[in-house]
Structures are given as C-alpha cells and as structure tokens.
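Asker: Below are the structure tokens for one structure; questions will follow.
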Amino acid sequence: MTLRRAGAAMLASIALLAAGSAPASAQRPSIPIVPELRLDVLGVDPTSVQAGVGVEIPAGYYVRVGLLAGGGATIGRDGASRAAGRVDLLARFLVDPFRQSRWGFSAGAGLSLRANPGETAQPEILVAIDLEGPRSRGGLSPSLQVGLGGGVRGGVGLRWSGRGAR
C-alpha cells in the first residue's frame, strides 16, 4: 500500500468514526477537543524514539479518538540514526470518563502508519492501554501508554483536559 493510499484510508476512517459517533444535539457531551504531547519508544529492531503532537476528540462520554503525528530518529542495526515519523489513529474506551478517581484507565485500538528509512510506509494495527494521572491546576494530566503497533511501544504524554472529564 502506498503512503498516499494509506493516508486516504486513515482519513476515511476518521470521517467514519466522526459521522458514526455524532449523538443527537440534546445528548451531545460538552467535552472539548484537547491537545496532547507525547514521547514514545517504538519497536525493537529497528528502535525509534519519537516526539508527537495530537488531539483527543470526544466521541461520546466513554470514547476518545486520538490523532497524533510524530517524528524522531530510528536507530538501525548498523547503529546509525535516521529520520522517521508516524501518524496514529487510536480510539480509546475510558473506564472513568468523569474523573471520579485521580487515576484513569483506558484501552483502545486503531491504526498506525510508520515511516522508517528504507521501508515502505504501511498501516499497522495498533492496540494500547493507557493510565492517565491526576490533573494539575493548569489542566495538564500525565499519561503512560504501552501497546503494540509495528512492534512493542511505550511512552509518556501530557494531555490538557477540563475539570470534570478526561
């Protein structure tokens, strides 16, 4: 699959998720779209360290759809580092969407399009579990995420959020 076709498939998936999850106006949650910053380690061979920026889009009370773009360096078998990037689309189910507990757990699935040097970018299935920490006064919540998608991945993130929702 070419990069253009994979990108088109990812955009079509986002459009379907947005259209299919739109509640009636009387039921529409007042949860804002929030930004997210991440630092992730992806894969084992090759290993990539990437910083990312994205948004978390509410798709109801219990689901957030995250769209993230990241870039960084991949360390090859020869020890040389090369530029690499990715685009992730991840729908997460939140166990505690109303922040009744200081810590929030979520699990999700989606697609990841990873671009490594010398390889054709291909979409891969992404699954992840996420632990979000307490919200600071400035509205920041730290998060830890581990998952599979183009290999084992793990990372830390910061999300901006409102007082009553994750």
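Coordinate-derived values only; no laboratory data. Computed from a predicted model, the values in this text were never measured in an experiment. Ideal geometry is used to build each Cβ from the backbone, glycine not excepted, and the neighbour counts take in all protein chains shown.
Asker: In the stretch 48-156, which trypsin sites (Lys or Arg not before Pro) are in a loop and have at most 11 other Cβ atoms within 10 Å, using DSSP for the loop call?
Answerer: R77, R102, R137
Asker: Neighbouring Cβ atoms within 10 Å as the yardstick, rank L144, L126 fewest first.
Answerer: Fewest-to-most ranking of L144, L126: L144, L126.
Asker: I've got another one for you. Roughly how many whole Å is it from the C-alpha centroid of the stretch 118-166 to that of the stretch 32-66?
Answerer: Each part reduced to its Cα centre gives a spacing of 5 Å.
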